[in-house]
Amino acid sequence: MKLNIIKRVKKKEETVNKVSKAPSIDTSTLLNIENLKNLLGSSEDIKYRDILINNNTAMPVSFIYIDGLINQSDVSNYIIKPLIQDKKIGEVQNLDEVIKLIQDGVLYYIDQIMTNNLQKVVDAITAGSSVLLFSQQNTAFIFGAFGFEKRSIIEPSVENVTKGPKDSFVENYRTNTATIRRKIKTKDFVIENIILGKQSHTSTGIVYIKSITNENLLQQVRDRLGLINTDKAFTTSIIEDALADDLVCNFPQVLSTERPDKFCADILEGRVGIIVDGIPFGFIVPGTLVQFMQSTEDYSHKTMVTSLVRIIRVVSVIISLVLPAFYICIATFNPEMIPTQLAVFLAKSREGVTFPIAIETIGMLFAFEILFEAGLRVPKTIGQAVSIVGTLVVGQAAVEAKLVSPAIVVIVAMTAISSFTIPNQDFTNVIRIWRFVFALISTILGLLGLVLAIIIFMFKLCKLESFGVAYMSPFVSNDGNDIIYDTILKIPPKFNKTRPTSLNTKNVKRQGD
């Protein structure tokens, strides 16, 4: 008898020990108003409103939102008003019944999500959603009743258009995705949403056509964006650096555009697009040289016109890049290459000029860069005035003061005008850097230096890759199969039946089945 009693006592002690060792519930993770206020802090724009269902103190709910980020009219008419006036809610006896009615659609708002995750609720509120919180049931409903001020869709300000769509990307993420969706209506169109930035929590969309885009390319984009580990992700450089193959190289490897039609055209070719909340540009990868030299406007004009414009563009790039350095070479090291009459004219124009030709040229190039930056930074109302003063008044005064010769003013003017024909500003900036490199090397080594600089320039272009696609594609890859289609010359669309082979798309044909 005693032995049985001892066994029962021991068994009871073991049971008590097991109960005491059972894991306790972490109350800090429970979804209630106290924990929510602790996480959100005391910011004055976060509003809390308590509502009594049926005026019953035993059935309290809380409504939480950030002032300025919600549509107050929608919230009042479609969420708050039914909670107070709906007949079905007026008949309920407890909050569980209210939750069931909301699940069944008693509130007149389509964008709602039910959750019991505290962190998800916090993220939703900071993103601009409204939350109806049932603290007693550890349950919340998230409503996407966004209503903050945003810029309307306007005509592109950087990529000018004369014959084509007039819409552009804006800073609002959902507006941009809707704009793209209006242009690409296929069921294979996909937008994958990810969150970037440890503090900014920026919504970012990976855009592609699942029946066209190469899966390996798509996975590389996901992996590189996933490596972004920074507080903020709402600047273009963070996205471009994450997607670039070579950070040391100054050539742009990610194409950015403010035009949805250009963005969609590249997506349909098999490339991958990235849309970032707060950035009025779309990003396209992989980027190649041909893309940076083409404009969407090219596809709005006849074949012969577009081909002529592209040839002029290529010639302009060469002039902008080489002309100042070539002038330094022949005027300083090889004057015998200049025709006699022109050499005499240049010699007379330089009478009284103090500085050597090389310093004169590089100095004028530097002055042009200063004027260019000044025109970009000053208010638009006086931007043209700055350009006119810089080119006419300062230029003429410099010639009359014998600081520079008239010939170098013409050389720099031709260089500047030629650079303006490049349709992509990122590539224009690269040409600006290499222009100085060419001029400095030519100052030291003459024509030999210019030839070496051109070789280095071409070597870097040919060596560079973006997501496994050659930067000079199709000129240095794929056996030249795509050279005749849509590069320097434009052929009629009916002959351009396949997508670029360098992208290894799932569906090669762009016309037909």
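All of the numbers you see were taken from the coordinates with simple rules; none came from a lab. Keep in mind it's a predicted model, so treat the numbers as computed, not measured. Glycine gets a Cβ as well: all are built from the backbone with ideal geometry, and neighbour counts include every protein chain shown.
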Of the candidates Met472, Leu227, Ser419, the farthest towards the positive dipole end of the chain (Lys/Arg Cβ +1, Asp/Glu Cβ -1, centred on the Cα centre) is Leu227
Tell me the angle of helix 2-21 to the major Cα principal axis of the chain, expressed in degrees between 0 and 90 and rounded to the nearest ten. 30
Those GluC sites (Glu not before Pro) from segment 36-144 that are DSSP loop and have at most 11 other Cβ neighbours within 10 Å turn out to be Glu44, Glu91
Alpha carbon centre of segment 179-203 versus segment 259-296: separation in Å? 14
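Filter the chymotrypsin sites (Phe, Trp or Tyr not before Pro) in segment 436-477 to those in DSSP coil with at most 14 other Cβ atoms within 10 Å of their Cβ, and list the result. Walk me through the intermediate numbers first.
Details: sites: Phe436, Phe438, Phe457, Phe459, Phe467, Tyr471, Phe475; in loops: Phe467, Tyr471, Phe475.
Within segment 436-477, no chymotrypsin sites (Phe, Trp or Tyr not before Pro) qualify (loop, at most 14 other Cβ atoms within 10 Å).
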Using the charge dipole of segment 300-470 (Lys, Arg: +1 at Cβ; Asp, Glu: -1 at Cβ; taken about the Cα centre), state which of Gln396, Met458, Ile433 has its Cα farthest towards the positive end. Met458
Please quote Rg/Rh for segment 173-287 to two decimal places, taking the Kirkwood radius as Rh and restricting both calculations to Cα atoms. 0.93
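Taking other Cβ within 10 Å of each residue's Cβ, how do Met364, Met337 sort, fewest first?
Numbers: Met364 23, Met337 12.
Least crowded to most crowded, the residues run Met337, Met364.
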Placing +1 on each Lys and Arg Cβ and -1 on each Asp and Glu Cβ in segment 97-246, then taking the dipole about the Cα centre, the residue among Gly205, Val106, Ile125 whose Cα reaches farthest towards the positive end is Val106
With respect to the cross-link table entries Lys460/Lys506; Lys81/Lys150; Lys302/Lys494, which display a Cα-Cα separation exceeding 20 Å? Lys460/Lys506; Lys81/Lys150
Apply the Karplus curve 6.51 cos²θ - 1.76 cosθ + 1.60, θ = phi - 60°, to the phi angles in segment 405-411 and return the couplings in whole Hz, x for Gly and Pro. 8, x, 4, 6, 5, 5, 4
Identified option (computed volume of the Cα convex hull per residue in Å³; candidates [x] 239; [y] 273; [z] 160): [y]
Sequence-distant or interchain residues sharing an amide H contact under 5 Å with Leu255, placed H: which? Ile284, Gly287
His201's amide H: which non-local residues (gap 5+, or another chain) put their own amide H closer than 5 Å, with H modeled 1.01 Å from N in plane and none for Pro or chain starts? none
Scalar couplings 3J(HN,Hα) for segment 102-117 by Karplus 6.51 cos²θ - 1.76 cosθ + 1.60 (θ = phi - 60°), nearest whole Hz, x for Gly and Pro, are 5, 4, 7, x, 5, 8, 8, 9, 7, 8, 9, 10, 9, 8, 10, 9
For Lys490, which sequence-distant residues (separation of 5 or more, or a different chain) have an amide H within less than 5 Å of its own amide H, given hydrogens modelled in the peptide plane? Ser307
Whole-number percent relative contact order across segment 27-143, with pairs defined as alpha carbons under 8 Å at least 6 apart: 34
Mind listing the phi-derived Karplus ³J(HN,Hα) values for segment 269-277, rounded to whole Hz, using 6.51, -1.76 and 1.60 with θ = phi - 60°, and x for any glycine or proline? 7, x, 8, 10, x, 10, 10, 10, 4
